[in-house]
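To start, the structure itself, in structure tokens.
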Ligand SMILES: Nc1ncnc2c1ncn2[C@@H]1O[C@H](COP(=O)(O)OP(=O)(O)OP(=O)(O)O)[C@@H](O)[C@H]1O
């Protein structure tokens, strides 16, 4: 655990970048520091590896003041990733990644073998190993930056806006990759961003800082969304926090209806049995949804796929959140969402009204502490 104890940083010109900040950063989790430009995020991160020294207060790593060990030893236990990756331009990708192990005396062959392993882990093709940084895309360079920081297998990773310079699609890929790597390696990650959506997606816990380096709130993302501490945090979270909070509620308990799901080969008796339903979802012979129809428009043996209404975006109960289910219902021309299994076969349908009731039930369960586990992560 990293404990930041009442730390203040006053730069020589008098700027107070961080003001009596206290934070407990848990092991093997992602702690995100988020806040507006200039609120002291980078300064805080750099105090953890002593690139910046606090003016007052102390930082403890596993109970020991970080000033009690040589700065090089401290930094070896902390990988550091920055925006634009900061790669050595005159070294190949493989040698960039092998840099720290080489400095620590690992034989060249061994260091390169480990670097090749890491390239795979961060999703880089082996064919890029001999290239130079300028021959890689921005997203690929960021992956090299992450691999290089992991090379000496440090328990802690400090990441300063590592994904800010890439486009949204690449950024999402890098975020997913980081969550996967974290799941596999269990590093203690401190991640700086000014993007609240990135903070909510990645953070096990999120520290919202306000200008002047003061802590506004430190909480799991679901708690930030449900109970922002004050108007500043609420404003920073943005307008649709109610909808975004639904990402933390699973859709697995939704009561699905199976009766309105009919195969394209449905006979007259089957169609007659469901003729009272407002809408029917027609599936192909494998059970995959084709589209919606009013019952009276369907004729047994002559169902025309072309005349069915688009079924929108289905959700997977157990994998997707209530947010995805609601999105499916809102996008559907019928107001009903389609639930599918992992293979895309329809397992039922659910109305907006039933989703609305499930949302209310989830809110009251949350209010009663049912989701109090601080490690609750957003579902899709
Ligand atoms: N070396 C320095 N000397 C004087 N002031 C500094 C120095 N470095 C940073 N500051 C000031 O300290 C404050 C916090 O800066 P810091 O870089 O920590 O913020 P940040 O939250 O990371 O900002 P951004 O999101 O824009 O990167 C700012 O007002 C900044 O101008």
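Bear in mind that the values in this text are calculations on the coordinates, not laboratory data. Worth saying up front: this structure is predicted, and the values here are computed from it rather than measured. Backbone-built Cβ (ideal geometry, glycine too); neighbour counts: all protein chains shown.
With r as the distance between the Cβ atoms of residue 67 and residue 211 and R0 = 41 Å, compute the FRET efficiency 1/(1 + (r/R0)^6) and round to 0.05. With R0 = 41 Å, the Cβ-Cβ based efficiency is 0.90. Counting pairwise Cα distances across the chain, what percent come out greater than 33 angstrom? Every Cα pair in the chain considered, those over 33 Å come to 45 percent.
Mean separation of Cα pairs under 8 Å and 6 or more residues apart, divided by the residue count, gives the chain a relative contact order of 16 percent.
Between 139, 328, 344, find the one with the highest GNM mean-square fluctuation for the chain; connect C-alpha pairs within less than 10 Å. Of 139, 328, 344, the Gaussian network model singles out 344 as fluctuating most. Remark: spin-label model distance residue 128-residue 165 equals 1.4 nm, labels positioned 7 Å along the Cα→Cβ axis.
Only DSSP H runs of four or more residues enter the estimate; each adds -39500 (n - 2.57), and after division by the residues of the chain the mean residue ellipticity at 222 nm equals -9500 deg cm²/dmol.
Nearest 0.05, what FRET efficiency do residue 180 and residue 368 give at R0 = 35 Å with Cβ-Cβ as r? Result of the calculation: an efficiency of 0.60. With contacts taken as Cα pairs under 8 Å and at least 6 residues apart, the stretch 261-362 reaches a relative contact order of 22 percent. Taken along the Cα-to-beta-carbon direction at a fixed 7 Å, the label points for residue 306 and residue 353 span 3.5 nm. Extending 7 Å from the Cα toward the beta-carbon at both residue 117 and residue 361 defines two label points whose distance is 4.8 nm.
Note on 60, 124: ascending count of other Cβ atoms within 10 Å places them as 60, 124, the fewest first. Across all Cα atoms of the stretch 261-362, the radius of gyration (one decimal) and Dmax (whole number) stand at 13.5, 42 Å. With R₀ set to 56 Å, the beta-carbon distance separating residue 13 from residue 284 gives a calculated FRET efficiency near 0.20. The protection proxy used here, the mean number of other Cβ atoms lying within 10 Å of each residue, ranks peptides 207-215, 13-21 as follows, highest first: 207-215, 13-21. When the Gaussian network model of the chain links Cα atoms closer than 10 Å, the mean-square fluctuations of 191, 88, 163 top out at 88.
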